[in-house]
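What follows is a single structure, written as C-alpha cells, with notes after it.
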Amino acid sequence: MRHMTFGTSGWRAVLGENFTYQNVRIVSQAIAHVLRQQKIDQRGLIIGYDSRFLSERFARVAAEVFAGHGMSVMLCDRKTPTPTISYHVLQHNLAGGLNISASHHPPEYNGIKFTPESGGPVLPETAQAIEQRIFPLLHGEHVKWLPWEKAEKRGIVQLFDPCPEYLAALEKHIDVNAIHKAKLRVIMDPLYGTAHGYLDDFLRNAGAKMAVLHYWRDPYFGGVCPEPTRKTTAELQETVKTKGAHLGLATDGDADRFGIVGQDGSFIDPNIVLALLVDYLATTRQWTGSVGRSVATTHLIDRVAHKHGLGVRETPVGFTHLADLLVKGEIRMGGDERAGLSIHGHVPEKDGILACLLVTEMIARTKKTLHELTEALFDRVGAVVSNRADLVLTESMRENLLKVQESPPSALAGKSIQQVNTLDGCKLLLKDGSWLLFRLAGSEPLVRCYAEAATRQELEALMAAGQQLLLRNS
C-alpha cells in the first residue's frame with residue numbers, strides 16, 4: 001500500500017485487504033506523533049471499538065502502539081458508541097480518542113475514527129498532519145509498540161467501562177421523569193451496532209418498556225449497511241406496528257446517527273425529526289440564540305426557528321462545521337440531513353443515542369404521536385418534502401455544473417430562481433421557498449442532488465429539472 005487517506009472521519013479500508021494489523025499500527029503511530037507535536041500526548045487517550053470483525057483485537061493493537069510511545073490508554077471493555085468516546089475525551093481531559101469503527105459503512109470495512117481533544121470531529125488541518133505522518137511510515141520508517149502483556153502489567157493500558165458515566169451525563173439533558181410517567185412501549189433496533197446496552201438500558205431504567213431487535217453480534221450486519229434508513233429499518237417498522245409500540249428507535253453502527261419510526265410504523269425523515277426537535281426544545285428549554293444546519297438540510301428548521309425568534313446558521317456539509325459552532329457556543333443545536341444531531345452542553349459530535357432520547361421525551365411530554373406532531377407543525381409553518389439522488393459523475397456533468405454556477409438559469413421547473421448559494425456546491429433557491437442543491441461527493445465520483453418543495457409532485461418536478469441541467473448535451 002503506497003498511500004492512505006485520512007480525513008475528518010478518520011481512515012476506512014476493506015478488512016484483510018488494507019485494514020490490517022500493520023496498517024492500524026501505522027495510523028496509530030501517526031496520530032501519536034501528531035499528539036506529541038501538539039505537546040498533549042501525556043494526557044493519554046481512550047480507545048473503543050464497535051461490533052465489526054476483530055474490532056476489539058484491532059483496538060488492542062492500537063493501544064500497544066500508544067503504550068509504546070509512553071501514552072496512557074483507557075481501553076474500553078465493551079463495544080463503544082463514538083459519542084461516548086467524545087464524552088470521555090472531554091470529561092477526562094484526554095489528548096484524544098480512537099474508535100475502531102467504520103460507522104455505517106458496509107460490513108467488509110473497518111476503520112479508525114479519531115476524536116481530538118475538542119471532543120468533536122477532526123479538523124481538516126489535523127487530518128492532513130496525520131496523513132502526512134502516515135506516508136513515511138508506509139515507506140519503511142520504524143513502527144514501534146509495547147506488547148499487550150507488558151503494557152497492561154506496567155499499568156500504561158487499563159481496561160475501562162465507558163457506559164455508566166456517559167449515561168449519567170445524558171440524564172442532564174433528558175426529562176427522565178416525563179419518560180417514567182408516560183409508560184411508553186419502545187422498540188429499539190441498534191442494527192447490530194454499539195447502542196445496545198446504552199440506549200435501551202437508559203430507557204429501561206427510565207421506566208420504558210423495551211424490546212430490542214438485532215442486539216446480538218453479527219459482523220455482517222444481517223447483510224446490509226448498518227445505517228438507519230427506510231429500507232434497513234423495515235423489520236423495526238413492522239414490529240412497531242404489529243406490537244402496538246409508541247415508538248421505534250434505531251442507530252447506526254457506531255451510534256452517531258439516528259432513525260425514528262412512528263407509532264403507525266412509518267419511517268420519519270431525519271429532516272422532519274430535526275425540525276420537530278427544534279420546535280420542541282425551543283419551547284421546553286426556552287432557547288434563545290441560534291440553531292445550525294448544513295446547506296443540504298431542510299429549511300423547515302428555518303421556519304420553525306423563526307417562529308421561536310431563533311437565528312439559523314448554515315454551514316457546509318459535514319458535522320465538523322456544526323461541531324465548531326457548538327464548541328464556541330454559537331448555536332443551541334446542530335443538525336444535518338444524514339441524521340446527525342447534538343446540542344450545546346453535550347458533546348460537539350453527532351449523537352444518535354441523544355437524538356433518540358430527545359424524541360422519546362418529546363413523545364412522553366406531548367402525549368402525541370409523531371404523525372400528530374408533524375401535522376401540527378405543518379399547519380403552523382407549512383409542509384415540506386425532501387429528497388436526494390446520487391448521479392455518477394461524468395466530465396460533461398462536471399462541465400454542466402460549472403456552467404450552472406457561473407450562469408444559473410432564471411427559472412427551474414416553472415419557478416423563478418431568487419438566489420444562488422455556493423457555500424458548498426451550487427444551491428438554487430426558488431421564490432416559493434423550494435430549493436435544489438448540486439454537490440460533488442467528497443470521497444466518490446458522484447453528484448449529489450438535494451431538493452425540497454411543498455409537495456411530492458413539485459419535488460419530483462424540481463429533481464427532474466435539476467437532472468436535466470446536469471445531463472444536457474451528454
What number of residues within the stretch 67-91 satisfy the criterion of being in a helix (DSSP H, G or I) and under 26 Å from H104 (Cβ atoms)?
10
Take the residues in the stretch 202-229 that are surrounded by fewer than 21 Cβ atoms within 10 Å (Cβ to Cβ) and of a type in the set (G, A, S); name whichever of them is nearest to V359 (Cα to Cα).
G207
Going through the stretch 197-223 in order, the residues found to be over 19 Å from G265 (Cβ atoms) and not in a helix (DSSP H, G or I) are G197, Y198, A206, G207, Y215, W216, R217, D218, P219, Y220
State which residue pairs qualify: first residue over 16 Å from K79 (Cα atoms) and inside the stretch 218-229, second residue among the aromatic types (F, W, Y) in any location, beta carbons under 8 Å apart, and separation of 6 or more residues or different chains.
G222/Y192; P228/F258; T229/F267
Within the stretch 43-51, does at least one residue satisfy the condition of being among the basic types (K, R), part of a helix (DSSP H, G or I), outside the structural domain of I353 (by TED's automatic domain parsing) and surrounded by fewer than 24 Cβ atoms within 10 Å (Cβ to Cβ)?
yes
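Determine if the stretch 425-437 includes at least one residue that is outside any strand (DSSP E or B), surrounded by fewer than 19 Cβ atoms within 10 Å (Cβ to Cβ) and aliphatic (A, V, I, L, M). First the steps, then the outcome.
In the first step, residues of the stretch 425-437 are kept if they are outside any strand (DSSP E or B); the result is 425, 431-434.
Now narrow it down to the ones that are surrounded by fewer than 19 Cβ atoms within 10 Å (Cβ to Cβ): 431-433.
Within this subset, residues satisfying the condition of being aliphatic (A, V, I, L, M) are none.
No, there is no match, as no residue in the stretch 425-437 is outside any strand (DSSP E or B), surrounded by fewer than 19 Cβ atoms within 10 Å (Cβ to Cβ) and aliphatic (A, V, I, L, M).
State whether the residues of the stretch 224-238 include one that is within 22 Å of L277 (Cα to Cα) and either out of contact with any strand residue (DSSP E or B) (no Cβ under 9 Å at 6 or more places or on another chain) or assigned to a helix (DSSP H, G or I) (or both).
Start the filter on the stretch 224-238 by keeping residues that are within 22 Å of L277 (Cα to Cα), which leaves 227-230, 233, 236-237.
Then drop every residue that is not either out of contact with any strand residue (DSSP E or B) (no Cβ under 9 Å at 6 or more places or on another chain) or assigned to a helix (DSSP H, G or I) (or both), which leaves 236-237.
Within the stretch 224-238, one or more residues are within 22 Å of L277 (Cα to Cα) and either out of contact with any strand residue (DSSP E or B) (no Cβ under 9 Å at 6 or more places or on another chain) or assigned to a helix (DSSP H, G or I) (or both).
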Restricting to the stretch 230-265, name every residue that is surrounded by fewer than 18 Cβ atoms within 10 Å (Cβ to Cβ) and hydroxyl-bearing (S, T, Y).
T242
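Yes/no per residue for (1) surrounded by fewer than 20 Cβ atoms within 10 Å (Cβ to Cβ); (2) more than 30 Å from L325 (Cβ to Cβ); (3) small (G, A, S):
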position: G345; (1), (2), (3): yes, no, yes
position: E349; (1), (2), (3): no, no, no
position: I353; (1), (2), (3): no, no, no
position: T360; (1), (2), (3): no, no, no
position: A364; (1), (2), (3): no, no, yes
position: E372; (1), (2), (3): yes, yes, no
position: L377; (1), (2), (3): no, no, no
position: V381; (1), (2), (3): yes, no, no
position: L391; (1), (2), (3): yes, yes, no
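Residues of the stretch 273-313 being assigned to a loop (DSSP other than H, G, I, E, B) and over 17 Å from the mean Cα position of the chain (by Cα), which ones?
Keep residues of the stretch 273-313 that are assigned to a loop (DSSP other than H, G, I, E, B), which gives 285-289, 295-299, 308-310.
Hits for the stretch 273-313 are R285, Q286, W287, T288, G289, H299, H308, G309, L310.
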So Q457, is it under 18 Å from E395 (Cβ atoms), over 23 Å from the mean Cα position of the chain (by Cα) and not assigned by TED's automatic domain parsing to the domain that holds S294:
no
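Any idea which residue in the stretch 150-175 is farthest from R285 (Cα to Cα), counting only those that are among the aliphatic types (A, V, I, L, M) and in contact with a helix residue (DSSP H, G or I) (Cβ under 8 Å, 6 or more places away or on another chain)? So that I can check it myself, show each step before the final result.
Step one: list which residues in the stretch 150-175 are among the aliphatic types (A, V, I, L, M), which gives 151, 156-157, 159, 167-170, 174.
With in contact with a helix residue (DSSP H, G or I) (Cβ under 8 Å, 6 or more places away or on another chain) added as a condition, the list becomes 151, 156-157, 167, 169-170, 174.
Details: A151: 46, I156: 43, V157: 41, L167: 20, A169: 17, L170: 15, I174: 11 Å.
Among them, the one singled out is A151.
Kindly establish whether I179 is hydrophobic (A, V, I, L, M, F, W, C) and not in a loop (DSSP other than H, G, I, E, B).
Details: hydrophobic (A, V, I, L, M, F, W, C): yes; not in a loop (DSSP other than H, G, I, E, B): yes.
Yes; evaluated as a whole, the condition is true for this residue.
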If we ask which residues in the stretch 368-411 are touching a residue at least 40 places away in the same chain (Cβ under 8 Å), of a type outside the set (S, T, Y), out of contact with any Cys (no Cβ under 6 Å at 6 or more places or on another chain) and not in a helix (DSSP H, G or I), their number turns out to be 11
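Quick one: which residue in D390, D351, D336, D379 is out of contact with any His (no Cβ under 7 Å at 6 or more places or on another chain) and at pLDDT below 95?
Details: D351 fails: at pLDDT below 95; D336 fails: at pLDDT below 95; D379 fails: at pLDDT below 95.
So the residue among D390, D351, D336, D379 that is out of contact with any His (no Cβ under 7 Å at 6 or more places or on another chain) and at pLDDT below 95 is D390.
The values are calculated or read from the model by the stated rules, or taken from the named source; none is laboratory data. Here the structure is a predicted model, which is why all the values come from computation and not from measurement. For neighbour counting, all protein chains shown are included, and Cβ atoms are generated from backbone atoms with ideal geometry for every residue, glycine included.
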